[in-house]
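See structure below.
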Amino acid sequence: MPEQYAIEMRGITKTFGSVVANNNINLNLRQGEILALLGENGSGKTTLMNMLSGIYAPDAGQILVDGQPVTISSPEDSKRLGIGMVHQHFKLVDVFSAADNIWMGREKPGFALKRQRYDEIEQMSKKFGFDIDPKKKVRNMAVSEKQTLEIIKVLYYGAKVIILDEPTAVLTVQEIEKLFSVLRRMKEAGHSIIIITHKLNEVMDISDRVAILRKGEYITTVNTAETNEQELTEWMVGRKIDLNIDRPVVEKTRPLLEIRDLTIKNDEGATAIDKVSFYIRGGEILGVAGIAGCGQKELCEAIAGLRPVQSGLMIHKGDNIVGLPPKAILEKGISMSFIPEDRLGMGLAPSLSITDNMILKNYADARGLFVDRKSGRADALRVIEELEVVTPSTETPVRRLSGGNVQKVLLGREIKAGPNVIVTAYPVRGLDINSSYAIYDILNQQKKDGVGILFVGEDLDVMLALCDKIMVLCHGRVMGVVHAHKTSKEELGLMMTGALDLTDKHEDKPAGIARDTNITAEHLESAREEEN
């Protein structure tokens, strides 16, 4: 007798115009198992799961739930069949409490909300080991609490199949361990779980089986205990890839930029960065770790001259550059490249072609009435070739490119400018494994060339392998700066949550430098020699 699955997808095909997102996919999920869905960006993972959750309907194929053919044409159909999906971007109302976010989805809640909703949700939370206050407003919750609420919400409505889309993207190590503990408890209670992730170490840790997609095609499903990260990578990409990230040893040079007691406000007027001090040294990659929203964005924008500074100094060759626009900073001798988190909103002009985006950085320097598009096209071709950008031509508007290819265009343009300082926020977010490692190689080459790099990242394994030092932020304050090869993910996670404060051992703490703007490069270098 054939095995009956909780979910079975047979011959699923989904197209968007001429793009085939899923082509004849066969996938099954057993009762009471955790299945990891793995694949490069653009391989069709989320599209496939969106058909289970009722957001899309398949163009061809059949879906079976508990062995019975079903039609899922809306999220309500999915909910009725016991399928719940927790999306990457949470669907919560900020001004409502945790309990009210759950109860507002009831079909017939009545005119008034019942007081027992708090008790019901608290009991469900305890059953699976969740820790959440039902009366707490969503706007006051941490990211991990919001994710917990989303999971409780789908459980409350009777979901036996839970789909999690990149659930660990913005969690600390400790929060990930807690989430995985809850998922294992849910599995023991008979729930079937699909987890979409790109983190191979997490796949090996949490899943029972792994299903691999590549370019919209189903490749294989393997038992996790019978495979390894290298084998999974080869199935994903289609060829062998070296998973080791190099950290070349480069001779230290003097600090290129000194940040002193910097205080910055966010868009709402609250303090995003609070008296932060560090320096960016040539030939060194300084990582910045922290839970999402701890001031990373504001810090990067302030250093690039795009956000006002409330107080503090940014010193280059004895001059304070706070308040100077990007062009004036360049005239001071700092050739800075900023690769923002918001690629299309801030980094590139989405309606312009790749060629025109290459020209944007220096079009003001053009002589005469006409822009030199010939050299811009040559630069675009070089970036497309070196970074393997998938595009019909150099004249394609960047808004038509996938997220990963947009990031490659942005990074390629900024590197081409020949900077001596690079400030980059999440440079591999949205990139597949192959492209990510190409970016790491590019950053390491810049490091070898004496460039100072500020690297804001979210994957602690990558930061530990790539960065020389890591500065940890918690609520806009520095918890410490540590050598990457002398710390661990667990220590970084404790610092990110504020449970561990190593500021007394702050390795980049100014060593007796006078707090004024009349600081010379010699003073800086002398102080650093004393520290080291």
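FYI, it's all coordinate maths here, none of it is from the lab. All figures in this text were calculated on a predicted structure; none of them were measured in a lab. When we count neighbours, we look across all protein chains shown, and the Cβ atoms used for this are built from the backbone with ideal geometry, even at glycine.
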Nearest 20 debye, what's the magnitude of the dipole of the chain about its Cα centre given +1 on Lys and Arg Cβ and -1 on Asp and Glu Cβ? 1260
In whole Hz, with x marking every Gly and Pro, tabulate ³J(HN,Hα) for segment 319-331 from phi via Karplus 6.51 cos²θ - 1.76 cosθ + 1.60, θ = phi - 60°. 9, 8, 9, 4, x, 7, x, x, 5, 5, 5, 4, 5
Can you run phi through the Karplus equation (6.51, -1.76, 1.60; θ = phi - 60°) for segment 267-284 and list ³J(HN,Hα) in whole Hz, with x for Gly and Pro? 5, 8, x, 7, 6, 9, 10, 10, 6, 8, 10, 5, 9, 10, 9, x, x, 9
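What does the net charge come to around Ser53 if you take all other residues with beta carbon closer than 15 Å to its beta carbon, with K and R at +1 and D and E at -1? Don't skip to the answer; put the middle values down first.
Numbers: positive: Lys14, Lys45, Lys79, Arg80, Lys91, Lys153, Lys160; negative: Glu76, Asp77, Glu150, Asp165, Glu166.
Every neighbour counted, the sum reads +2.
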Dipole of the chain [Lys/Arg +1, Asp/Glu -1 at C-beta], most positive-end residue of Gly82, Thr355, Gly476: Gly82
Name the residue from Gln62, Thr220, Ile163 whose Cα lies farthest towards the positive end of the charge dipole of the chain, charges +1 on Cβ of Lys and Arg and -1 on Cβ of Asp and Glu. Gln62
Taking chymotrypsin sites (Phe, Trp or Tyr not before Pro) in a DSSP loop with at most 13 other Cβ atoms within 10 angstrom as exposed, one finds the longest site-free stretch of the chain at 112-369
Which residue, chosen from Ser53, Leu92, Thr197, occupies the Cα position most advanced towards the positive end of the dipole of segment 53-203, where the dipole is computed from +1 (Lys, Arg) and -1 (Asp, Glu) charges on Cβ about the Cα centre? Leu92
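So if I place +1 on the C-beta of Lys and Arg and -1 on the C-beta of Asp and Glu, and nothing else carries charge, what would the dipole magnitude of segment 172-315 be about its Cα centre? I want it in debye, nearest 20.
180
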Over 31 Å between C-alpha atoms is what I'm after, so list which of Lys416/Lys469; Lys240/Lys361; Lys265/Lys317; Lys45/Lys135; Lys137/Lys178 land there. Lys240/Lys361; Lys45/Lys135
Descending principal axes extents, segment 275-426, alpha-carbon based, whole Å: 47, 40, 27
Segment 385-449: C-alpha gyration tensor shape, a/c 1.5 cut-off, then a/b vs b/c: prolate
Kindly write out, for segment 208-221 in residue order, the coupling ³J(HN,Hα) from the Karplus curve 6.51 cos²θ - 1.76 cosθ + 1.60 (θ = phi - 60°), rounded to whole Hz, with x marking Gly and Pro. 8, 9, 10, 9, 10, 10, 9, 6, x, 10, 7, 9, 5, 10
5 Å is the cut-off here: which amide hydrogens, built 1.01 Å from N in the peptide plane, fall below it relative to Asn22, excluding neighbours closer than 5 in sequence? Lys14
Please list 21-32, 342-353 highest first by mean number of surrounding beta-carbon atoms within 10 Å per residue. 21-32, 342-353
The simple spin-label model distance between Glu76 and Gln31, using points 7 Å out along Cα→Cβ, in nm, is 3.0
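Are there any GluC sites (Glu not before Pro) in segment 242-316 that are in a DSSP loop and have at most 12 other Cβ atoms within 10 Å? List them by number.
Glu251, Glu268
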Looking only at lysines whose Cα falls under 19 Å of Lys160's and that sit 8 or more positions away or on another chain, we get Lys79, Lys126, Lys127, Lys187
